[in-house]
Structures are given as C-alpha cells and as structure tokens.
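One structure below.
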Amino acid sequence: MPEIRSGKPTLKDIARLAGVSVGTASTAFSHPEKLKKQTLDRIMQVVQSLGYIRNGAAQALVSQKTRTIAVTVPTIDNPLYSSLVASIQKVLVANGYHMVIGSHEYQFEREYEVIRFLIEKGIDGLIVVGAMHEERTFTMLTMSNIPYVISLSLSDRAQQHSVGISNFDAGYAMGNLVASMGHKAIALSGGVQSSNERALERQQGALAALEKYGIGVPEEWRIQHEISISGGRDIFRKLWSMDAKPSVLICSTDVQAIGVLDESRRYGVDVPGTLSVTGFDDIEYASLCTPPLTTVKMPISEIGTRSTNHLLEIIQGKCPMRLEKLDTSIILRESLAPAG
C-alpha cells in the first residue's frame, strides 16, 4: 500500500501519489469525463489502494451541491411506494445523484420534522408524495429555496410543480364501470381523508359517477381506515356485521382490497358471487390474488421517472411544464362481476 504521511488519506495524498495536481485529483471525482483515461485510471488506482472516501460535507460547502435528492413517502409498507422509489432511484443513479428516503406514516406533524431534518442534512431537491401537506411545510420549502416536485397527485398551486394523475377522474371511471354493471348497493373504502387527498378525491370521483346513475352511498358504507392488509380485513368485518350488505366494495387502494379478499374467504363469502371487490394502483400482487383483482392501473414507474427528470431540470435551471398529467386505465379481472 502506498505510504501516506499521517492519519486518514486526503485529497492531497491522492494527488501526490498519483503525480497530479490537487485540482486534477478533485476533477476525477467531480467531472471524470474531463480527464484522459490514463490519468483517471492512475488516480482511481491510488484511491482504491488507500481506501479514500471523499468528505461529502466539505465538498458541499465548496460547491453548494450535495448531489443528493430526498424522497418522502407516506409509508414504506406499501408496494406502490416501493415501485415509485425504485423508478426514482434508476434515474438518479444514471445522473450521478444519491437518494435518501423519509417516511411519516400519514402524520403531517411527523412529515414536517422529517423534511426539516433532510434539509438540514443537505439535499439538492425533494420529491414529495401527494399534494396535501401542512402549510408550514410548504413555507419551509419556499424559505429554504429547495426545489421540489409533488408526485402521484396534481397540485392546483400556481408555484408548484407536480407529476401525477387525476385521482378524481380515476375514481369516477371505476364508479361508472361498477354502476354500468348493474350494481346499486355500493360501498366505498379508502384511507383517512384528512391526511390523504388521494383517498378523498378517489371517493369524490366515484360518488360523482354513481350520482349520475341515481345511486347514493350511505354514510356507514363510506369507510375510512388505515391503508394496510389488516385494515382491509377490518373493513370487511365492519361491512359484514351490518344488517344491509353491499353487492360491491370499491377500495381506493389494492392493499385494502387484498385484505378484504382474504377476510371474505375466512367468512366463506364468495367473490364475486356474493360481493364484488375492486382496488386501485395495480400493484404486482393484484393479479396474483384469488380471485385476481379488478383495479385502476397507476402508471407508477412512469410517474417516478418523470417526477425525477422534472426535478433535475428545475435544479439545472430549466423550466419544465408546471403540471404533468398522466393517464390511468382500468384492469378488469375476476373480482368484479355484473350484479346478480
């Protein structure tokens, strides 16, 4: 191993042992494409032999850039967000950026602290899921001058950039399909709407479609619950404990719908013979359920890719379109049948 003068290897040690200037050694990390291959290889050989790791904090102080993008998601316990993060990561890696993830479990107070922590640690930009957040969170982002993009939902704020779908339109499409198949006893379930505009807008869309058919949904059949498989089981038990029972349940997430399907089997309730069930997102497991789940297909990978490219353009000083709306589609599978 090459000899270093003392302690941890420094950039000066790298430059001295590679026979280049400190500036050239620094360029090997920041803009390797600017160096001749022979020079870059020589520097990297020294780096590897010394086990040198750059001081990212010091570099950020000089360049005012960390090449780090933060992503905040409501929860990591949902395959939809795993797919979103994976698509974001691919774009960031291809562009020489790193990613950090924050989760707040649908708690706005917690989200504010998570985003503040990420900003304090040093990030170049932020991708945040959903358009519903505390006003102080938006104020903090504006005051800190951190570029950000809202993903999955579309924002109606003039100064915000967003890439996503119309949750209302997608909910309307599912409500229209269910009603067109002759169902009139229709229940709805989703997340807690006070902290999740996606759940709210999907239900509003479904209700608007059902109203067109003259169909009303009793309040007790409009269930808000945590978004989880166990939450879906709770939703089924609550519905099936009532005297009047629906012929179909429109769930605003696949995760809840999968829990409903599982619990219906435990109760011996035939799906779709006795109860039809629909979901939203088209996560991978939706096609593997018994029966396979009818659902709204969310273009999640495309949303993640476009959200990231959108953010990188803002960071580079470009002016991408403020709002980018992507289309959804309904995947019709065996969990939904015409009313008997």
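Looking at residue 293, is it in contact with a helix residue (DSSP H, G or I) (Cβ under 7 Å, 6 or more places away or on another chain), crowded, with 23+ Cβ neighbours inside 10 Å and at negative phi?
So residue 293 fits the description; yes.
One line per residue, one yes/no per condition, for (1) in the same structural domain as residue 105 (by TED's automatic domain parsing); (2) within 20 Å of residue 107 (Cα to Cα):
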residue	(1), (2)
129	yes, yes
132	yes, yes
144	yes, no
150	yes, yes
178	no, no
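Determine if region 250-258 includes at least one residue that is modelled with pLDDT of 95 or more and more than 20 Å from residue 333 (Cα to Cα).
Among the residues of region 250-258, not one is modelled with pLDDT of 95 or more and more than 20 Å from residue 333 (Cα to Cα), which makes the answer no.
Tell me, yes or no, whether region 224-240 has at least one residue that is of a type in the set (A, V, I, L, M, F, W, C) and under 28 Å from residue 321 (Cα atoms).
Scanning region 224-240 turns up no residue that is of a type in the set (A, V, I, L, M, F, W, C) and under 28 Å from residue 321 (Cα atoms).
Among the candidates 227, 165, 186, which residue alone is touching a Pro at 6+ places or on another chain (Cβ under 9 Å), under 30 Å from residue 318 (Cβ atoms) and either modelled with pLDDT of 95 or more or not assigned by TED's automatic domain parsing to the domain that holds residue 312 (or both)?
165
For residue 321, all conditions in the list (1) assigned by TED's automatic domain parsing to the domain that holds residue 98; (2) in contact with a Cys (Cβ under 6 Å, 6 or more places away or on another chain) hold save one; what is the number of the exception?
The failed condition is (2).
Only residues that are within 20 Å of residue 302 (Cα to Cα), crowded, with 18+ Cβ neighbours inside 10 Å and in contact (Cβ under 8 Å) with a residue 40 or more places away in the chain: list them for region 88-115, please.
Once the filter is applied, which keeps residues that are within 20 Å of residue 302 (Cα to Cα), crowded, with 18+ Cβ neighbours inside 10 Å and in contact (Cβ under 8 Å) with a residue 40 or more places away in the chain, region 88-115 yields 88, 91, 92, 97.
Can you tell me which residue within region 289-310, out of those that are assigned to a loop (DSSP other than H, G, I, E, B) and not polar (S, T, N, Q), is farthest from residue 189 (Cα to Cα)?
The selected residue is 299.
With in contact with a Phe, Trp or Tyr (Cβ under 6 Å, 6 or more places away or on another chain) and touching a residue at least 12 places away in the same chain (Cβ under 8 Å) as the only criterion, which of 170, 187, 131, 199 stands out?
Every option except 187 fails the conditions.
Any idea which residue in region 242-270 is farthest from the chain's Cα centre (by Cα), counting only those that are in a loop (DSSP other than H, G, I, E, B), touching a residue at least 24 places away in the same chain (Cβ under 8 Å) and surrounded by fewer than 24 Cβ atoms within 10 Å (Cβ to Cβ)?
The residue in question is 244.
Any residue at all in region 311-318 that is of a type in the set (Gly, Ala, Ser), over 30 Å from residue 238 (Cβ atoms) and part of a loop (DSSP other than H, G, I, E, B)?
yes
Would you please name the residue that is modelled with the highest pLDDT, looking only at residues in region 53-105 that are under 20 Å from residue 119 (Cα atoms) and basic (Lys, Arg)?
The residue in question is 67.
The values are calculated or read from the model by the stated rules, or taken from the named source; none is laboratory data. Remember, predicted model here, so these are calculated numbers, not experimental data. Cβ sites come from the backbone with ideal geometry, for glycine too, and all protein chains shown count toward neighbours.
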